Each structure stands twice: as C-alpha cells, then as structure tokens.
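Scroll down for the structure; my scribbles are underneath it.
The values are calculated or read from the model by the stated rules, or taken from the named source; none is laboratory data. Just so it is clear, the structure is predicted and the values come from calculations on it, not from any experiment. Heads up, the Cβs are rebuilt from the backbone with ideal geometry, glycines too, and the neighbour counts pull from every protein chain shown. Side chains are part of the model used for accessible areas, which takes the heavy atoms of the whole protein and leaves out ligands, DNA and RNA. Shrake-Rupley method; radii C 1.70, N 1.55, O 1.52, S 1.80 Å.
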Amino acid sequence: MEIGVSNYISKTLSSSISIVLVLIGIINHVSGQGTRVGFYSKTCPRAESIVRSSVESHFRSKPEIAAALLRMHFHDCFVRGCDGSILIDGPNTEKTAIQNSGLIGYNVIDDAKTKLEAACPGTVSCADVLALAARDAVVLSSGRTWKVPTGRRDGRISLESEANATLPGFTLSVDDQKKLFVSKGLNVRDLVALVGGHTIGTTSCQLFSYRLYNTTTSVSDPTIDPTFLPQLRTLCPQNGDGKKRVSLDTGSENRFDSSFFNNLKNGRGILESDQKLWTDASTRPFVQRFSGARGNFNSEFTKSMIKMSNIGVKTGTEGEIRKVCSVIN
C-alpha cells in the first residue's frame, strides 16, 4: 500500500514537473530570453551580408561614417536599451537631443533596412541593423571583428528628454561615468574599453576649446601636454568656428587601434571626460594596460561591445519589427 502511494505520488510529481517545464518553455519562447548569434540564419540568411554591403558602400565615400555608426549604437543602447529608438524621426525624439546633434549615418541604416525589407520583409529589426552596422564599422576601420548576437526587437518610444538626461556629457567626472555604466550592467573595464571607441572619429571645437583658454586667468587645462597646446589652439582659435571638427585620437583618426590610450597617457586627450580616465586612480590601470602592445584592447573592446549591445533588449513579442527605421509601424 505504501509502495503504491509512493509510486502514485512520484508519477504525479513527475507529470507536474513536466507540465511546468513545458509551460516555462512556452513562456521563454513567447517573451524571449535575450539575443543569440545566428538568429536570422533561417529566416533571413543574407541579413548580415546585406548590412555589411551597405556599410562598406557608404564607408568608401565617407570613412567618418564608421565612428558615427559606433556612436549611434552606443547612444541607442544607453537610452531605453538597444531598441533602435534613436532612429525614430519626429519632434522631441532622441535624434533631437543635445548629445545627438550633428550625428550622421542614419541614411546608412535606412539603406540597409530597405534592402532587407526587399529580401526578408518584416524580419530584421532596426535595432539589429544598427548593432551589425556598428560591428562592421569597426572592422572597416581595421578593428577586430566579433559575432553579434541578434534577435532584438524595436521600441516604440523615443524621448529627447531621456536622452539628454542619460547620455554622458564631455565634462562628466569618472565617478559619474562609473555610476552610469554600472547602472547599465557594465564595469570599470567596460567603461575604459568602450570609451576607447574614440580611437576613431572627431569632435567639435566647441566641446573642448574651454580647456585651451581661460578668460579669467589665461591659463589652459593643466592636464594638457604643453607641447600639444599650440597645435590645439591653431586648430581651434579662441574666436574661431566652434563647429570645426578635430580628431579625438591625434594621428590615428580613422584607424581602430590603441593609440587613443597612449594619447591619454601623454596628456593629449581631447575631451575632458576622456583625459580624466588617465588622471583617475580607478581607471588609470586600464588605460595603462590598453595602451600596451599586449594590452588586448581590441579583444576587451569586443567583449564590452557584446555586453553593451544587450542592454535592455526587447525580444520575443516585445516591441515590433519596424518596416521603416525612422517610423513606428
């Protein structure tokens, strides 16, 4: 009798567990459990090659597009997660935020999306197009490639106010930078590695010329290499065009390498927030490490990019797959 009851209970529990596991499987399938490499291998096998071709085409005529695409992906992920919300047009959207002013490259994403819709209608999200394009931009700039997990879906909300409140500014302290990155699930190593993306691209004089001139004391920022100061003042005269662009990585603007960190060590960081990574005790060891030939900057960057590109992703039935990246369905 006791054995019979025991067997009954065992079978009942086994059946119950099986039902629970099936339900969990269904829930996971519906709501999504994150991204994965090869998400479009069956539904749109040419997805990655189509994006790559579009990025390459624009890069050939405008190499600076690479830095713009990388920055766009970063700015997308830090506001509402990596959901393509930065691509949406309209008043008071993320595109209109101060930190996104002057950002180019939207046409590259639109071009890739148009070709994807022709090949695989309603399949590949704009958020994934942006993530893939950022990877391809780094590779075209002589950086290391990596496998991009895909399966993101597009968000339906895009707010200028959120972008202005969230995206890091060029005067941000290291402590505040760390707090921001930690809030996104990223550590100090990720912070320094991702800021290393400034090894390609430019910034405008208006974002750092205050470091070159102090109208009260006529003294420049003491963290700037004195021998470098005349060059910067020539590039950005005190009463010159504030919109003029200057390389963030002097001597290596279009090549994805570790020279950016060597410049920080030598007091040649352009943005205040960048240079602070060398002067702060908590981030300095990583700058030191990444500046060396064996520092594995490219390897660390790819790891951090994969982490960043999974911030707050929408998967499963969340969000939507936009037909046009600049417009909500």
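Some points to look at:
The rows are residues; the columns are (1) surrounded by 14 or more Cβ atoms within 10 Å (Cβ to Cβ); (2) within 26 Å of SER142 (Cβ to Cβ); (3) of a type in the set (A, V, I, L, M, F, W, C); (4) touching a Cys at 6+ places or on another chain (Cβ under 9 Å).
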position	(1), (2), (3), (4)
PHE228	yes, yes, yes, no
GLN231	no, yes, no, no
THR234	no, no, no, no
ASP257	yes, yes, no, no
PHE260	yes, yes, yes, no
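- Any hit, region 251-258, residues being in a helix (DSSP H, G or I), in contact (Cβ under 8 Å) with a residue 24 or more places away in the chain and out of contact with any Pro (no Cβ under 7 Å at 6 or more places or on another chain): no
- Unmet criterion (only one of (1) out of contact with any Gly (no Cβ under 6 Å at 6 or more places or on another chain); (2) under 30 Å from CYS82 (Cβ atoms); (3) modelled with pLDDT of 95 or more) for ARG268: (2)
- Filter pass, VAL129 being modelled with pLDDT of 95 or more, crowded, with 16+ Cβ neighbours inside 10 Å, under 16 Å from the mean Cα position of the chain (by Cα) and among the aliphatic types (A, V, I, L, M): yes
- Identity of the residue in region 286-307, of a type in the set (A, V, I, L, M, F, W, C) and buried (at least 16 other Cβ atoms within 10 Å of the Cβ), that ends up nearest to the chain's Cα centre (by Cα): MET305
- Close pairs from region 46-70: first farther than 17 Å from ARG255 by Cβ, partner part of a helix (DSSP H, G or I) and open to solvent by 60 Å² or more (accessible area, probe 1.4 Å), Cβ under 6 Å, at least 6 apart: ILE50/LYS115
- Residues that are under 22 Å from VAL37 (Cα atoms), in a loop (DSSP other than H, G, I, E, B) and in contact with a helix residue (DSSP H, G or I) (Cβ under 8 Å, 6 or more places away or on another chain), drawn from region 92-131: CYS120, THR123, VAL124
- Scanning region 308-329 for residues that are closer than 10 Å to SER125 by Cα and open to solvent by 20 Å² or more (accessible area, probe 1.4 Å) yields ILE321, LYS323, VAL324.
- Residues of region 48-65 satisfying the condition of being within 20 Å of the chain's Cα centre (by Cα) and assigned to a helix (DSSP H, G or I): GLU48, VAL51, ARG52, SER54, VAL55, GLU56, HIS58, PHE59, ILE65
- Inside region 70-91, residues that are part of a helix (DSSP H, G or I) and either over 19 Å from ALA137 (Cβ atoms) or not aromatic (Phe, Trp, Tyr) (or both) make up a count of 10.
- Residue check for SER142: crowded, with 22+ Cβ neighbours inside 10 Å, hydroxyl-bearing (Ser, Thr, Tyr) and in contact (Cβ under 8 Å) with a residue 60 or more places away in the chain: no
- Restricting region 268-285 to residues that are within 19 Å of the chain's Cα centre (by Cα) and not aliphatic (A, V, I, L, M), the residue that is nearest to VAL139 (Cα to Cα): ASP274
- Residue match in region 148-169 (condition: under 17 Å from LEU264 (Cα atoms) and either open to solvent by 50 Å² or more (accessible area, probe 1.4 Å) or among the polar types (S, T, N, Q) (or both)): no
- Checking the stated criteria, ASP136 turns out not to satisfy the condition of being under 21 Å from LYS42 (Cβ atoms) and in contact (Cβ under 8 Å) with a residue 40 or more places away in the chain.
- Criterion: more than 14 Å from the chain's Cα centre (by Cα) and within 25 Å of SER282 (Cβ to Cβ) - qualifying residue of SER183, SER209, SER204: SER183
- Flag for SER209 being of a type in the set (S, T, N, Q), farther than 23 Å from ALA293 by Cβ and touching a Lys or Arg at 6+ places or on another chain (Cβ under 8 Å): no
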